[in-house]
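Structure first, commentary second.
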Amino acid sequence: MDELRRFARELLLKKEVAAVIGYEQVGEARTRPVVITDPDECRRLVLNEYCLNNLVVYLNRARIKALARSKEGIRKLAVVAKPCDIRSIVALIQENQIRRENLMILSMNCHGVVRDFGCEFNGDNLAAKCISCNTQSSTYADKSFGEVREIPKFTGKLEYDLSEIEQLPPSKRMEFFREQFDKCIKCYACRAVCPLCYCQRCITDKTIPRWIESSSHSRGNFAWNIVRALHLSGRCTGCGECERACPMDIPLSLLNRKMAMKSKELFGYESGKSTDNPTLVGSYDQKDSDELFM
Amino acid sequence: MKIGVFICHCGENISRTVDCPRVAETCEKIPGVEFSIDYKYMCSDPGQKLIKDAVEIHKLDAIVVGSCSPNMHERTFRSAAVAAGINPFLVEIANLREHCSWVHEDVESATQKAIELVRMAVEKVKRDKPLSKIKVPVTKRVLVIGGGIAGIQAALDVANAGYDVVLVEKEPSIGGHMSQLSETFPTLDCSQCILTPRMVEVNQHPRIKLLTYSEVEKIEGFIGNFKATIRKKARHINEDICSGCGQCVSKCPIKKKAFSSFEEGLAYRPAVYIPFPQAVPNIPVIDESVCTYYRNGKCGMCVKACDRQAIDFDQKDTMMVADVGAVIVATGYKLYSIGKQPLGSKYKGYGEYGYGKYKDVIDGLQFERIASASGPTSGEIKRPSDGKEPKKIVFIQCVGSRDPAKGISYCSKICCMYTAKQAMLFRHKVHDGEAYVFYMDIRAGGKMYEEFVRRAIEEDHVNYIRGRVSRIYEENGKYIVKGEDTIAGVPVNIDADMVVLASAMIPHDNAPGLAQKVGIPYDKYGFYNESHPKLKPVESTTAGVFLAGACNAPRDIPESVAMASAAASKAIILFSSDSLEREPVVARVNEDLCAGCFYCRKVCPFGAVEVRDIKDMNGVVYKEVAYINQGVCQGCGTCTATCLSKSIELAGFNNEEIFAEIAAL
Ligand SMILES: Cc1cc2nc3c(=O)[nH]c(=O)nc-3n(C[C@H](O)[C@H](O)[C@H](O)COP(=O)(O)OP(=O)(O)OC[C@H]3O[C@@H](n4cnc5c(N)ncnc54)[C@H](O)[C@@H]3O)c2cc1C
Ligand code: SF4
């Protein structure tokens, strides 16, 4: 932790970066994002099992991008990112949203995070995405902090099991998702936290023509959630922030995970794996499966 | 907005299943429709006049025509609209024929559907915006691919009309198959004698840039504005200083390692070679695969022989780019290789005829070389096996052709003629020789062609036997040809000294590969498709790409030349104005909304999407957005569908218009 603070401070002092995006502690079992431009403020930075947010989402915010821009040109931004968050960076680089050379990636040797703020870090409370995680560090990091420790074995119980839902007959599955999506209040928190939802104007906000019913009516809710899943297929890196942000506790990542599984199964593609890969959408191979055509 | 609806009966094509008067009546009640009428032939002159008059009388702003496919008559009705003073893009066609009357039987439901189709078109036309045509410049230069007689003719015609030509030939010399032929039917004039003056003319023409030993790597762009990338393969000879003296060729110690493909494998050639004496350009090529220098770095006899230091072992392939406005593809054919089909070939081969096994069973091109004054036997008819003069030759027609069981169902069209020619040549050269021809039918349609075959039979006493050959085998130094005379109904056995197989003309192995680079379709054999079999025989379906010669189908020389001149004139017509008018149906990016993910750029099949920098007031780029080159965009709409934030609109088919159509259903 001290090492990170020292390192970040140096970066700011030497003006190597315009800002550091990181986590600060608020209370015992909770952190929040912080954007630091003053070197002395770097003492606020922390790295622990409560660093839940995917800070990559901030890299594409106009206000933060503006920090990096000056008369002289573009300066770097430093971001604290867990190895899984770095996958979002990779995806954003593939989609021309950020440039690797404008970025300083400060990562950690990760041993998992809690499923939610406030709970104790142990096998029972391990975040779902950490259960079968095998990337405890990332080759894309400029520097990784913290010691290497094992991820605790998951001993809790998942609320929704994707494989169980897959087994349901179509009508039951429909019923399940209708019930879930009916809860949606169209607050778009899922969209706001998603690092890959960077459109300047989301399709749901378009009115001429109106693609998606905007009141939180069941029909529009369904449309929104399906559009979200489809627009993220082959792109979602599985950070799970949408689900964590949803105030109505809709298991949003189920569809995303299903689409990711399909991408891998049909095209051998995993989003956020390598900046050298052509993106799944937009690349074509004669051997591509056509199973998705209806 | 006042809309006019015009419902066409298309004779009975539509009115048979659609109650046209009822459609017209019902549609008059759609809000916005001022006038509605049905008529027997809307595309006819009176029909168009009806539209024009209605526009004037009812002060219409837009029109909907319920008729055949827009593919047929959209242009007609748009012109009628223009004549009446309406923007052509305020015309919508509801396809009541292909989409309705032709595919339904029940009058009631077809009529209902027709009404719905018109209603959709009305809702769309309400939102249509007037558009004006886009002008794109034309590069007045032609790329000709293939330097056989077809490519040569096309290049000369275009160049003589005053336009630049880039002629790309993959072999070291131009000339194609015609340069290998002995004499040509139906006049028996010497092939080389009529061809070489044209080859020389190509080489000397100030408007023709000749690139031999070169291949097209890719072609981008569109009619009037293609960009071709060409690979110039390393000859290992500096073309600028080589004088073509041939010293290197005669000094090369590799004499018997490589067969000459020009001589169809009947002779050897050195590692450094000029394919044939009249080659254009007269510059050798070093074949790396057999040259000793490339094997062990030694030898270099040619370097010593060359007093101009033109040998360049280190020469590498070079790439060049040519901007052209039109492309003429003239890549010709090859012969079906009888008996020795490569593994995985879709053709079966003729193992039973012993080609490849018996040295004196040869194909038509090999016979051309043997009969050719410049060939390996200096024009004397000698068998490849022992150099003896054959006294009895059997010619077999339709080898490969017209034989679906062996993979080809078409007639190669030229073999009847060249077989007659070859049998005749043999009889002229070997007076006591006997020639036999096995044929299925004789196809000699063409000016002086039938007469030519009759001459072979009647004057030169060539024996024509109608029937197929089942097998050829060797016995006591003779080739026993076992066949059947189907007219007499008896089996025939001929003990021949030599057998010539008239094998089928097929496309080059790489024909589909080139088609994909150029972007033109081909048939199941690999022949390039013409746009219309009757009315557009030299146009490919890709605008600005034309076809000439045997790459399109089996063709003889006169046909190849005629096609070449036709293709050349098509290109010249294209160049007759300085710019082309293009439909304004192109995509446009909303730069404010574009997030710059460039998925559109990845999916655009025409490479129309460019990157545009958006700068802040200090001139620092803060955003990159997509920009669509209006000249390159073909309006396919792929980008529009891909854009996640729907920041691209296709003019004439924008989201609002399409939504309105769907909502009207
Ligand atoms: C045995 C025999 C005898 C014949 N006798 C007669 C006759 O007497 N009279 C007559 O009218 N016709 C005759 N023909 C037919 C004649 O050969 C053809 O009509 C004629 O050669 C067709 O010309 P072409 O230019 O279309 O094709 P080709 O002559 O095949 O020329 C095509 C050229 O394109 C080049 N090429 C191929 N692919 C590429 C590529 N990818 N890039 C660049 N260059 C490429 C080739 O190297 C070649 O130089 C005979 C044919 C045969 C087989
Ligand atoms: S041209 Fe004559 S020999 Fe050739 S395939 Fe046709 S019919 Fe047979």
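The values are calculated or read from the model by the stated rules, or taken from the named source; none is laboratory data. Only a predicted model underlies this, so the values are computations on that prediction, with no experimental measurement involved. Glycine also receives a Cβ, built like all others from the backbone with ideal geometry; neighbour counts cover every protein chain displayed.
For this structure, a couple of remarks:
- Any chance A:Ile151 is of a type in the set (Val, Ile, Thr) and within 30 Å of B:Ala664 (Cβ to Cβ): no
Results for (1) in contact (Cβ under 8 Å) with a residue 40 or more places away in the chain; (2) of a type outside the set (Ser, Thr, Tyr), shown as yes or no for each residue.
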| site | (1), (2) |
| --- | --- |
| B:Gln397 | yes, yes |
| B:Ser401 | yes, no |
| B:His428 | no, yes |
| B:Phe438 | yes, yes |
| B:Met448 | yes, yes |
| B:Val453 | no, yes |
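- For first residues located in region A:49-76 and surrounded by fewer than 21 Cβ atoms within 10 Å (Cβ to Cβ), partners that are of a type in the set (Lys, Arg) and lie 6+ apart or on another chain with Cβ distances below 6 Å form the pairs A:Ala68/A:Arg75.
- A count restricted to region A:59-95 and to residues that are under 20 Å from B:Leu644 (Cβ atoms), basic (Lys, Arg) and under 15 Å from the mean Cα position of the chain (by Cα) stands at 2.
- Any hit, region B:399-412, residues being more than 14 Å from chain A (Cβ to nearest Cβ), under 18 Å from B:Asp460 (Cα atoms) and within 14 Å of ligand 2 (Cβ to nearest atom): no
- Scanning region B:393-407 turns up no residue that is of a type in the set (Asp, Glu), under 31 Å from the mean Cα position of the chain (by Cα) and within 20 Å of B:Phe426 (Cα to Cα).
- Considering residues of region B:573-600 that are within 9 Å of chain A (Cβ to nearest Cβ) and touching a helix residue (DSSP H, G or I) at 6+ places or on another chain (Cβ under 8 Å) only, the residue farthest from B:Tyr627 (Cα to Cα): B:Tyr599
- When residues in region A:244-294 are screened for being part of a loop (DSSP other than H, G, I, E, B) and more than 19 Å from A:Asp161 (Cβ to Cβ), 29 of them pass.
- Filter result for B:Val290 (away from ligand 1 (no atom under 16 Å from the Cβ), aliphatic (A, V, I, L, M) and free of Cβ contacts under 8 Å to residues at least 40 places away in the same chain): yes
- Yes/no for B:Ser503 being crowded, with 18+ Cβ neighbours inside 10 Å and within 13 Å of ligand 1 (Cβ to nearest atom): yes
A quick yes/no check of all residues on (1) modelled with pLDDT of 95 or more; (2) surrounded by fewer than 19 Cβ atoms within 10 Å (Cβ to Cβ):
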| position | (1), (2) |
| --- | --- |
| A:Cys194 | yes, no |
| A:Ser216 | no, yes |
| A:Ser253 | no, no |
| A:Met261 | no, yes |
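- Only one entry of B:Gly400, B:Gly351 meets the criterion of being assigned by TED's automatic domain parsing to the domain that holds B:Arg466, within 16 Å of ligand 1 (Cβ to nearest atom) and over 17 Å from B:Ala267 (Cα atoms), and that entry is B:Gly400.
- The residue list B:Ser401, B:Ser385, B:Ser378, B:Ser412 contains one member that is among the hydroxyl-bearing types (Ser, Thr, Tyr) and touching an Asp or Glu at 6+ places or on another chain (Cβ under 7 Å), which is B:Ser385.
- Exactly one residue out of B:Val82, B:Val142, B:Val125 is of a type in the set (A, V, I, L, M) and touching a Phe, Trp or Tyr at 6+ places or on another chain (Cβ under 7 Å): that is B:Val142.
- Matching option when the condition is over 27 Å from A:Arg63 (Cα atoms) and within 14 Å of chain B (Cβ to nearest Cβ), among A:Ile208, A:Ile203, A:Ile151, A:Ile250: A:Ile208
- For the criterion of being in contact with a Lys or Arg (Cβ under 7 Å, 6 or more places away or on another chain) and either β-branched (Val, Ile, Thr) or within 14 Å of chain B (Cβ to nearest Cβ) (or both), A:Ile185 fails.
- Picking from residues in region B:632-649 that are among the small types (Gly, Ala, Ser) and on the phi > 0 side of the Ramachandran plot, the one that is farthest from the other protein chains (Cβ to nearest Cβ) is B:Gly635.
- For first residues located in region A:12-30 and closer than 16 Å to A:Ile89 by Cβ, partners that are assigned to a loop (DSSP other than H, G, I, E, B) and at pLDDT below 95 and lie 6+ apart or on another chain with Cβ distances below 7 Å form the pairs A:Val17/A:Arg75.
- B:Gly652 more than 8 Å from chain A (Cβ to nearest Cβ), in contact with a helix residue (DSSP H, G or I) (Cβ under 9 Å, 6 or more places away or on another chain), assigned to a loop (DSSP other than H, G, I, E, B) and in contact (Cβ under 8 Å) with a residue 12 or more places away in the chain: yes
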